[in-house]
Amino acid sequence: MTRLRIDSAELYALKIPFVMPPMSHSAHKDRGACDSVVLLLSSAGVFGHGEAVFRDYVSRSSAREKDLAAHAADIVRRMIDPLLGRDVEWRDAAPEGRDVDPSDLPVLCALETALLDLACRHSGRDAYELLGREPVHQSVAISGVIPMYAPDVAVRTLVQFAQLGVRAFKIKLGPDPAANRTVLAACRAAAGEQADLRVDANGAWKPGDVEAHLDTCASAGVTAVEQPFPVEAAGADGALHRGVERGFLFIADEGFLSEQDLDRISRAGTYRLLNFRLAKNGGLTRVLRLARTAADRGIGHQLGCMVGETAILSALGRIAASLLPAPRWVEGSYDRILYAQHLADRDLGFGPDGTASVIRGAGIGCTISEQQLARFAVSRVKLF
């Protein structure tokens, strides 16, 4: 058991430009840079880092992009206050049964991750040792994500992934079935008939258009659809049931944040796969716990990621992917594709065969450069 006392906390709101074209999907437009918030904790001269990514369409957060560090600071102060002035374990950040507002989950992820990283470095042990678990998988195949691009740019991005050994691809789609058909046809032609394609609408579809959208998917050999409709769209349940009858697999994303969401999804019976994202769902221990509960109810999972994650969440995602029992697809570790400049001392990108391997040692698997952190910070908040 590793106990430590938190001496200081500081937040950095980042802007790291992408090398890819600005990325869009139905819920946001033209994101051209990382906008993560990094939490730095210290104890007895040792440091640990965590990362929060805010997306109002995912976590129902009211964070304003121009003031992300200040927004995160209010939540961190509230969460960290019970941990101050005493010796704590890293698990104290997110104990089982803790009730967390969905909009606070990205910060909970950052706090738990920073404490885990700090505890690893404080004790000289790696994350698996502190978790008391060994990897279930020594490596995982990475799935590429194709943003909502014009067909030629979508194909160029898909080919870039394919050249790095990736064989499964998620294509972002919008509300227009005809435009989606053009993009999917181009991607299928570029990927080949044997490639594994699925789609993500980010809630852009209308339930009344479900047959047209599913026909479009079927024309490209796609049978897995992520979050087709807004969470509370009228008629969505009936549309999902029609899709299930046609053999489609539906994946819950924006509609799945918490245990309460899992209960609702389980009762409805139409979403048979969950998209975990570490920042969205509140961090590593919550994701692993939710995956066990979902499996008990016959619901599968994939591990997704947020647009623009840095090496911190890439490393944490590598741990999560190695411990989840049977992820259908794994996204993330896109550092090499997204960035020319990095926060960490190592490239957290996946390998040339399209796989990402377990990383042992060095806290959660990467060491953050304080110089790079300061370089890309657009604002900083010293908490104490």
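The values are calculated or read from the model by the stated rules, or taken from the named source; none is laboratory data. As the structure is a prediction and not an experimental result, all values here were calculated from the model. Note: ideal-geometry Cβ built from the backbone for every residue, glycine included; neighbour counts use all protein chains shown.
Some points to look at:
- Filtered residues of region 267-285 (kept if free of Cβ contacts under 8 Å to residues at least 24 places away in the same chain and hydroxyl-bearing (Ser, Thr, Tyr)): none
- Filtering region 327-347 to residues that are assigned to a loop (DSSP other than H, G, I, E, B), buried (at least 22 other Cβ atoms within 10 Å of the Cβ) and within 15 Å of the chain's Cα centre (by Cα) leaves Pro327, Trp329, Glu331, Gly332, Ser333, Tyr334.
- Exactly one residue out of Asp237, Asp253, Asp263 is closer than 24 Å to Thr310 by Cβ, acidic (Asp, Glu) and either free of Cβ contacts under 8 Å to residues at least 60 places away in the same chain or surrounded by 21 or more Cβ atoms within 10 Å (Cβ to Cβ) (or both): that is Asp253.
- Criterion (at pLDDT 95 or above and assigned to a loop (DSSP other than H, G, I, E, B)) met by exactly one of Gly298, Gly317, Gly351, Gly308: Gly298
- Which listed residue is among the charged types (D, E, K, R), at pLDDT 95 or above and surrounded by fewer than 24 Cβ atoms within 10 Å (Cβ to Cβ), from Arg91, Arg98, Arg78: Arg78
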